[in-house]
Amino acid sequence: MTKIKYDFGSGRSDPATFPVAALQAAATKVIEEQAEALTQYPGDLGHAGMRTAMAQRELDREGISIDPNHLLLTNGSMQGVTLTAEALQENHGDTVLVEEYCYPGTLSAYRSLKYDMVGIPLDEGGMCPDAVERELDRLNKENRLPKFIYTISTYQNPTGFVMPRARRLQIIEMAKHYGVPIVEDNCYADVHYDGPLEPAFYALDDDPNQIYLCSLSKILAPGLRLGYIYARPPMLEKIMGRRHDAGSNYLAAAIAAEFYQGGIQKHAKATNPVLKEKRDLTLQGLEAELGDICVWSEPVGGLFIWVRLPDDVDTKALRPMALEQGVNFLPGQSFHYQRKHVPYLRLAFGHLTLEQISVGLPILARCIKSCRGSNEARGFDSLFGETFK
Ligand SMILES: Cc1ncc(COP(=O)(O)O)c(C=O)c1O
C-alpha cells in the first residue's frame, strides 16, 4: 500500500505547536504535588482544578458563569456523545435529529445504540430551522418525538459553518415548545480565526434540559482524551447514572489544569494563527486547482473545508485513486447520516505542513479531474443549491 504523504483526512491541530516543555514541567509539578490524589479513584465529576479551568474557559468565551460542579470530565467529547445518547434513550428505535452531514463518530455511536436518525438539511448557517420545525411537527404527530437534537453548531464538522445567533434562538424555541433537549457539541469553538463569535446554546437560554459537550482535543491534542459535559441537575444525574468507568484520567486532567493556569486563550492565541495560515493556503490552492469545477466552504474557524464535487465525479473511484498517490481525505459518504454516496469531500488542514498542503492539493485535483465523465465547468454555484444544467 502507498504511504500517505498528504493526509487531509484527520481533524487534528498543528503538531508543531504542541507545548512539550510546558506540559513536561506541569507533569513534574502535579505528580509531586498531587501524588496522594493520584493514588485514588477520581470520582464521577473528575479533577476539580480541571473543572474550574474549563468553567473559566466557558466564562471567557461565553460570558456566562457556570458551576464547576455541573461539569463532568470525560474521555474526550466522544464519551460525552455516547453517555448523553445512552442517558436520553428509552428504547431502541428512538428518534434523534442530526445534521444531514455530521461527525462520523457521532453517527456510528447513534447507529450502534440503534437510534433512528432523522437528518436535517444544512445550509451556510447550519441546520435549516424550517426542516427542524417540519420534522418535529411530523414526529410529534407520529408520537415519536426525538429524544434530543444533536448539533455541531460552531465550525460544524464537516462543513465548517457557524449557526448564527438568530437561528440558534429559533431552534431553542422549537425545542422548548416540544420539550426536546438540545445536545450541543462545541469542540471547535476556540479554534477561531476571524469574524464574530456566536454564542453557545446554553449562553442563550437557561433551560436545564440543554446539554453541552466540549473537549481539549482540537485546541491541545486528542491524545490527552480530555473532554467534558456541562449539564444541570436533574439532567446531570441522569447522565452520571450511565457512567460506570470510575471516572476520567486524573493525571491528564491535573497536567492540563496546571498548563491552563492563566486560561486557555494564551495557547489558543499562539496556535490559531498557525492554523489560519493553513486554512488560507488550502483555500488558495482550491481556487487555483479546482475553481472552475468545485465550490467549497470558507470556514471562519475549525479544521475543515467542505468541497462540492461535480456530479459526474465517480466518488467511489476517487478515494482509492487518491490514496494510491499518497493523498488522503474523507469522502462525503462518511458524513452522511444514511451513508449515501454524495458528491462532496472533506479536507482537514490542521496537522499538515504548508508544504504538504501546497504539494498535496494539485495531486488531489488531478485525481478529481480524472474521475470525471466530462471536462465541463461546474453546474452549480453554491454548496447545497440545485444544479442548473
Ligand atoms: C464534532 C465532534 N465531536 C466529537 C469529536 C471527538 O472528539 P474527542 O477527541 O474530544 O473525543 C470530534 C472529533 O473529530 C468531532 O468532530
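The values are calculated or read from the model by the stated rules, or taken from the named source; none is laboratory data. Being a predicted model, the structure only gives us computed values, none of them experimental. We place every Cβ from the backbone using ideal geometry, glycine too, and count neighbours over all the protein chains shown.
Going by the structure shown, is residue 118 hydrophobic (A, V, I, L, M, F, W, C), assigned by TED's automatic domain parsing to the domain that holds residue 129 and away from the ligand (no atom under 16 Å from the Cβ)? Yes. Within the stretch 117-138, residues that are closer than 15 Å to residue 165 by Cα and free of Cβ contacts under 8 Å to residues at least 24 places away in the same chain reach partners that are crowded, with 20+ Cβ neighbours inside 10 Å and not aromatic (Phe, Trp, Tyr) with beta carbons closer than 8 Å, at six or more positions or on different chains, in the pairs 128/120; 128/122.
Checking each residue in the stretch 15-51 for being part of a helix (DSSP H, G or I) and in contact with a strand residue (DSSP E or B) (Cβ under 9 Å, 6 or more places away or on another chain) picks out 50, 51.
Taken over the stretch 226-244, residues that are among the aliphatic types (A, V, I, L, M) and within 13 Å of the ligand (Cβ to nearest atom) amount to 2. From the residues in the stretch 248-279 that are touching a residue at least 60 places away in the same chain (Cβ under 8 Å) and of a type in the set (Lys, Arg), which one is surrounded by the fewest Cβ atoms within 10 Å (Cβ to Cβ)? Filtering the stretch 248-279 for residues that are touching a residue at least 60 places away in the same chain (Cβ under 8 Å) and of a type in the set (Lys, Arg), the one surrounded by the fewest Cβ atoms within 10 Å (Cβ to Cβ) comes out as 276. Can you find, within the stretch 94-115, the residue that is nearest to residue 342 (Cα to Cα) among those that are assigned to a strand (DSSP E or B) and either not hydrophobic (A, V, I, L, M, F, W, C) or not assigned by TED's automatic domain parsing to the domain that holds residue 172 (or both)? By that ranking, first place goes to 101. Candidates are the residues of the stretch 171-225 that are farther than 23 Å from residue 273 by Cα, under 16 Å from the mean Cα position of the chain (by Cα) and of a type in the set (A, V, I, L, M); the one that is farthest from the ligand (Cβ to nearest atom) is 182. Taking the stretch 127-243 as the region of interest, none of the strands (runs of 3 or more DSSP E) fully inside it holds 1 or more residues being out of contact with any Ser or Thr (no Cβ under 9 Å at 6 or more places or on another chain) and surrounded by fewer than 23 Cβ atoms within 10 Å (Cβ to Cβ). The residues of the stretch 282-297 that are in a helix (DSSP H, G or I) and surrounded by 19 or more Cβ atoms within 10 Å (Cβ to Cβ), listed by number, are 282, 285, 286, 290.
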